[in-house]
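Got a structure for you, questions after.
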8 protein chains.
Amino acid sequence: MLNVYLSGEIHSNWRDEIIQLCQNQKLEISFSSPITNHDASDNCGVEILGPEENNFWKDNKGAKINSIKTRKAITDCDLVVVKFGDKYKQWNAAFDAGFASALNKSVIVIHNDDHQHALKEIDASASAVAKDQDQVVRILKYILEGSLN
Amino acid sequence: MLNVYLSGEIHSNWRDEIIQLCQNQKLEISFSSPITNHDASDNCGVEILGPEENNFWKDNKGAKINSIKTRKAITDCDLVVVKFGDKYKQWNAAFDAGFASALNKSVIVIHNDDHQHALKEIDASASAVAKDQDQVVRILKYILEGSLN
Amino acid sequence: MLNVYLSGEIHSNWRDEIIQLCQNQKLEISFSSPITNHDASDNCGVEILGPEENNFWKDNKGAKINSIKTRKAITDCDLVVVKFGDKYKQWNAAFDAGFASALNKSVIVIHNDDHQHALKEIDASASAVAKDQDQVVRILKYILEGSLN
Amino acid sequence: MLNVYLSGEIHSNWRDEIIQLCQNQKLEISFSSPITNHDASDNCGVEILGPEENNFWKDNKGAKINSIKTRKAITDCDLVVVKFGDKYKQWNAAFDAGFASALNKSVIVIHNDDHQHALKEIDASASAVAKDQDQVVRILKYILEGSLN
Amino acid sequence: MLNVYLSGEIHSNWRDEIIQLCQNQKLEISFSSPITNHDASDNCGVEILGPEENNFWKDNKGAKINSIKTRKAITDCDLVVVKFGDKYKQWNAAFDAGFASALNKSVIVIHNDDHQHALKEIDASASAVAKDQDQVVRILKYILEGSLN
Amino acid sequence: MLNVYLSGEIHSNWRDEIIQLCQNQKLEISFSSPITNHDASDNCGVEILGPEENNFWKDNKGAKINSIKTRKAITDCDLVVVKFGDKYKQWNAAFDAGFASALNKSVIVIHNDDHQHALKEIDASASAVAKDQDQVVRILKYILEGSLN
Amino acid sequence: MLNVYLSGEIHSNWRDEIIQLCQNQKLEISFSSPITNHDASDNCGVEILGPEENNFWKDNKGAKINSIKTRKAITDCDLVVVKFGDKYKQWNAAFDAGFASALNKSVIVIHNDDHQHALKEIDASASAVAKDQDQVVRILKYILEGSLN
Amino acid sequence: MLNVYLSGEIHSNWRDEIIQLCQNQKLEISFSSPITNHDASDNCGVEILGPEENNFWKDNKGAKINSIKTRKAITDCDLVVVKFGDKYKQWNAAFDAGFASALNKSVIVIHNDDHQHALKEIDASASAVAKDQDQVVRILKYILEGSLN
């Protein structure tokens, strides 16, 4: 059994792809993810704890609530898979990678070639740098079953 | 005596500003920084350990050498000041903030309003979010001397 | 599955409220609590280990036995919810929050507005500051299911 | 050489008393303290980082800046001396004691008899419970020089 | 569920007493113990790994094999109960208590009055000092069920 | 239940021997192993993540993927059994032993007499030095059941 | 520079012997010791913090004050030298060895042959078992200067 | 100031080369090394603590004494430089690299091309893989001064 945290962009369905492919292969993996409902993720702070006039505090309340889930997920997992997509700054993804690295967790990074130079420090801390979800699933299958097919 | 690591962008002279202002105030602070010579930082791997055809490996060798300095600096410091500037992706800065946070170090973030929403997770983990170097120096002075002037 | 420790005042039924509301929502949470029988909590030391003339030692024996439960609960949990009520000093609640914070656990504080200034250091270390039990349950539901309803 | 952090109430001059008495005895101790200028401590957040309409955020900004000093002081020290005085809630003092305890630091508590029952959990975690500053200084002298005179 | 390691003397049946009494009360506790077969414990090293002429190395081989079990038991448990009996030096019991204490585990010591002065340092590190097995079982029941009866 | 990681040479079937013998004895042990398919282990990096001209990077990619499994296995286990065989340098086996030792895990080493002097530092850090798989199984049985037969 | 804590019996002058011999050899070592004034060590609690009728609490107060020194000394040192003499139970010495061992500190034990069997677990955790102070000084000299003369 | 531990082979003067070159460059580095007198290193156990008939125990006593120095050196350093030479098995060098890696220390490996495949796991955990001492000195200079010349 492997515990894998899927960190990073929440605007595409890459997590579902990985989870589905692993289920197809019957790999014994327990996945955790951040809240991927973008609206809920942005608004949870003010929705639950009350409104803020200033966007800084609105975001602060939301990000702190989301950190409860992230912190548990990284602490409990064996491996963080972090995807850097094409849009947005995605600094939280890089933050998660640093947090995981300090806890001596393994990290797999997914990104395309355009981001190669900008991600060099994070790639250098990772156990694998994958081009896409398929490569990640192949790694997971290999780790669990020793098979490259 | 406070040990402060100045993480983040290496394209402006913000570190020198902070160091100079603290020296003017005679604050007892020991600063550490990454290598800020951009060319040397990018090329150290291949310059020292031999050339690579593939940029990925060129960057990998360089980033790993630079990590020797970063890891020591974060591990030894009391406080990480991390500046997000206007240019580049700066994922290494976010990675440093996550690494420091997992080690229970205090973090001060510097950024302007444009980055507020994108940096919400990192701001939420920080002890202070400053607009510029002056605010950081005022915090350092207050921490060391209790004075707000 | 989330492990939540409910620290703080033992003179109202706020723990039962949270547990009941979470059960109604079928949230997968394992709760732990200190001994909430006030009499037993105060007297366990002398009842089990023998009488003391001096109240200091009576309390010392009791508090040390209670610490066995508290230490395990904080160490094992993902999240500490700590409620500051209207009565008593509740220094043990603040102690628990500090202990949890040093272990890098997430903390949610519940208190009303009267205590806002006095609790500022603890609020500042927390992932959320809630006004009541309902807000806490909404956070727990959001963390586990991503839903704000 | 002993590193001692003096936590707790900032409304009396108890820190100066301890420091002065130790200097009279030529004890080799390095003391650290929180900012004891009450006004500066309350206002540092908004003074340095800008005003807030809501007191919660004013206090949040201030408490977070003060936490930079507190965290370093507790992490670096061998011993925390924490005084509970007659006024205010002093929850931050209890928080510091919990934080120190989780890091396996020694703690000495100072309080008078009125607070005995309310402080039982913190007393139970402490290496000594002193009635006043003189007793603390005698402990420090004994620890460093083995003398009870 | 509580994980309890029963350290200390292996010449009486005190472990069975505690385990039986807890089973009678249906307390949810998982107990671990060192090997209590005295002959096997003394001879395991040479029996398994080959004979030694020198008693020092015979004992060294045996004690090291036994340490595999002890280290796991202390690391995994929430609470160490350590009994000091009337016979032998029982230095390994004191060693276990120190090991557990450094890992911030709770410790309950059992000893009679004769050993009070000699055990003062270990008693001072403990969460409870019990006179017999009954007191330990009452503590365990109280911790798990809040009942003093 | 004991968690045992079987580190070291992957060119003989020593792991199967140990696992089979333990199953015969119905010992409650959960075993983990590195990938023991030598070809897959050597080629996983380039097979999954793409080819490399330089053997150094081919091996680097493969070894990093394998480290995901090894790091998890050592972190999760109670005991590392590491076998040094007759062939190859087996530096990874010694690396695993050092990694485990720093995490305060117990280690059992298997090697024949020829390697005695060269392995003295690793033997000195181990809880047992066994000549063959049978001795390891006897240790495991003794640890779990207290029996030397 | 080596930091050495000299734990164990306080009834002979073995610490002075080691310190004197190391000074003669001009070895760069910083030694720390518990309070070796037996009377002061036993009475510090009641002398400083007030009398107790019950010896248990008298000893508890004293042992807790002494633990401030011991905990700092073990935490700061590289090496604990612990001597088991002929008299008394010396359980605190064994406790210190266990505490140090859990922190991954090196330990040297001094004892004569009579105690060999009773100290087997502590010897098995140690880096060296010496017969007397001279052997310890030779080890310290060798560690610092590489010389066996 | 950088603290560097020079681990690995003790049969050539590679440590002196590095230290001399760094001194020539006036680099602020504090170096530590194992005992490099091969005879003393092999015999320290029996020379100091008494003879053994069995080589296993002779080596065990020596290796344990040497571990006092190694453990301190790795724990205190920022960076381990480990050289694999042409002769001997050098398993202790690989053990040191694993120990350092688990403590999140940076590692630089030196080896020639012949050992590339056999050292792939250790290379994969390292911050740099150097061909010779000159490359290491260039890295150290770059880390400390940012200069590639």
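The values are calculated or read from the model by the stated rules, or taken from the named source; none is laboratory data. Since the model is a prediction, treat every value here as computed from it, not as a measurement. Virtual Cβ from ideal backbone geometry, glycine too; neighbours counted across all protein chains shown.
Can you confirm whether D:Ile122 is assigned to a helix (DSSP H, G or I) and within 17 Å of the chain's Cα centre (by Cα)?
Working: assigned to a helix (DSSP H, G or I): yes; within 17 Å of the chain's Cα centre (by Cα): yes.
When the stated conditions are applied, D:Ile122 passes them.
Which condition from (1) within 23 Å of F:Ala63 (Cα to Cα); (2) free of Cβ contacts under 8 Å to residues at least 12 places away in the same chain; (3) not basic (Lys, Arg) is the one that F:Gln23 breaks?
The failed condition is (1).
Scan (1) part of a strand (DSSP E or B); (2) of a type outside the set (Asp, Glu); (3) without any contact (Cβ under 8 Å) to a residue 60 or more places away in the chain for the single condition C:Ser67 breaks and write down its number.
For C:Ser67, the exception is condition (1).
Does C:Thr75 satisfy being in contact (Cβ under 8 Å) with a residue 40 or more places away in the chain, more than 7 Å from chain D (Cβ to nearest Cβ) and within 22 Å of E:Val109 (Cβ to Cβ)?
Details: in contact (Cβ under 8 Å) with a residue 40 or more places away in the chain: no; more than 7 Å from chain D (Cβ to nearest Cβ): yes; within 22 Å of E:Val109 (Cβ to Cβ): yes.
When the stated conditions are applied, C:Thr75 does not pass them.
Next question. Here are some residues: A:Val81, A:Val46. Which one is in contact with a Leu (Cβ under 6 Å, 6 or more places away or on another chain) and of a type outside the set (Gly, Ala, Ser)? Steps first, answer last, please.
Values: A:Val46 fails: in contact with a Leu (Cβ under 6 Å, 6 or more places away or on another chain).
On inspection, the qualifying residue turns out to be A:Val81.
Still on this structure, please answer the following. For residues that are in contact with a helix residue (DSSP H, G or I) (Cβ under 8 Å, 6 or more places away or on another chain) and part of a loop (DSSP other than H, G, I, E, B), scanning just segment C:132-149, find the one that is farthest from the other protein chains (Cβ to nearest Cβ).
Residue satisfying both the conditions and the ranking: C:Ser147.
Please find, within segment E:86-107, the residue that is modelled with the lowest pLDDT out of those that are more than 9 Å from chain G (Cβ to nearest Cβ) and within 18 Å of E:Ser12 (Cα to Cα).
For segment E:86-107, the residue satisfying everything is E:Lys87.
Being modelled with pLDDT under 95 and surrounded by 16 or more Cβ atoms within 10 Å (Cβ to Cβ), is that true of even one residue in segment F:42-51?
If we filter segment F:42-51 for residues that are modelled with pLDDT under 95, which is where we start, we get none.
Checking segment F:42-51: not a single residue is modelled with pLDDT under 95 and surrounded by 16 or more Cβ atoms within 10 Å (Cβ to Cβ).
Then there is this: How many residues does segment A:77-115 contain that are closer than 21 Å to H:Ala126 by Cα, touching a strand residue (DSSP E or B) at 6+ places or on another chain (Cβ under 9 Å) and not acidic (Asp, Glu)?
11
Considering only segment F:27-53, state which residues are over 17 Å from A:Ser127 (Cβ atoms) and part of a loop (DSSP other than H, G, I, E, B).
F:Leu27, F:Glu28, F:Ser33, F:Thr36, F:Asn37, F:Pro51, F:Glu53
Right, next: From the list H:Ile29, H:Ile68, exactly one residue is more than 11 Å from every other protein chain (Cβ to nearest Cβ), buried (at least 18 other Cβ atoms within 10 Å of the Cβ) and more than 12 Å from the chain's Cα centre (by Cα). Which is it? Steps first, please.
Values: H:Ile68 fails: more than 11 Å from every other protein chain (Cβ to nearest Cβ).
Among H:Ile29, H:Ile68, only H:Ile29 is more than 11 Å from every other protein chain (Cβ to nearest Cβ), buried (at least 18 other Cβ atoms within 10 Å of the Cβ) and more than 12 Å from the chain's Cα centre (by Cα).
Let me ask you something else. Return yes or no: is B:His117 over 14 Å from the mean Cα position of the chain (by Cα) and within 13 Å of chain A (Cβ to nearest Cβ)?
It is true that B:His117 is over 14 Å from the mean Cα position of the chain (by Cα) and within 13 Å of chain A (Cβ to nearest Cβ).
Quick one: how many residues across segment H:3-18 are outside any loop (DSSP other than H, G, I, E, B) and buried (at least 19 other Cβ atoms within 10 Å of the Cβ)?
Step one: filter segment H:3-18 for residues outside any loop (DSSP other than H, G, I, E, B), giving H:3-8, H:14-18.
Then keep just the ones that are buried (at least 19 other Cβ atoms within 10 Å of the Cβ); that gives H:4-8, H:14-15, H:18.
Total satisfying the criteria: 8.
Listed here are the residues, each with its yes/no results for (1) touching a residue at least 40 places away in the same chain (Cβ under 8 Å); (2) part of a helix (DSSP H, G or I); (3) in contact with a helix residue (DSSP H, G or I) (Cβ under 8 Å, 6 or more places away or on another chain); (4) within 19 Å of H:Gln133 (Cβ to Cβ).
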position: H:Phe56; (1), (2), (3), (4): no, yes, yes, no
position: H:Ala63; (1), (2), (3), (4): no, yes, yes, no
position: H:Val82; (1), (2), (3), (4): yes, no, yes, yes
position: H:Lys89; (1), (2), (3), (4): no, no, yes, no
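Of all residues in segment E:32-65 being among the charged types (D, E, K, R) and within 18 Å of F:Val81 (Cβ to Cβ), which is farthest from the chain's Cα centre (by Cα)? Break it down stepwise before answering.
At the first step, the residues of segment E:32-65 found to be among the charged types (D, E, K, R) are E:39, E:42, E:47, E:52-53, E:58-59, E:61, E:64.
Those still in the list that are within 18 Å of F:Val81 (Cβ to Cβ) too: E:61, E:64.
Numbers: E:Lys61: 21, E:Lys64: 17 Å.
Ranking the candidates gives E:Lys61 first.
In this structure, is G:Val107 closer than 18 Å to G:Ser7 by Cα and either without any contact (Cβ under 8 Å) to a residue 24 or more places away in the chain or assigned to a strand (DSSP E or B) (or both)?
On the way: closer than 18 Å to G:Ser7 by Cα: yes; either without any contact (Cβ under 8 Å) to a residue 24 or more places away in the chain or assigned to a strand (DSSP E or B) (or both): yes.
Yes: the conditions hold for G:Val107.
Inspect segment C:88-102 for any residue being surrounded by fewer than 24 Cβ atoms within 10 Å (Cβ to Cβ), within 17 Å of D:Tyr88 (Cα to Cα) and either in contact with a Lys or Arg (Cβ under 6 Å, 6 or more places away or on another chain) or not charged (D, E, K, R) (or both) and give the result as yes or no.
yes
So which residues in segment A:100-149 are within 21 Å of B:Trp57 (Cβ to Cβ) and among the charged types (D, E, K, R), if there are any at all?
A:Asp113, A:Asp114, A:Lys120, A:Glu121, A:Asp123, A:Lys131, A:Asp132
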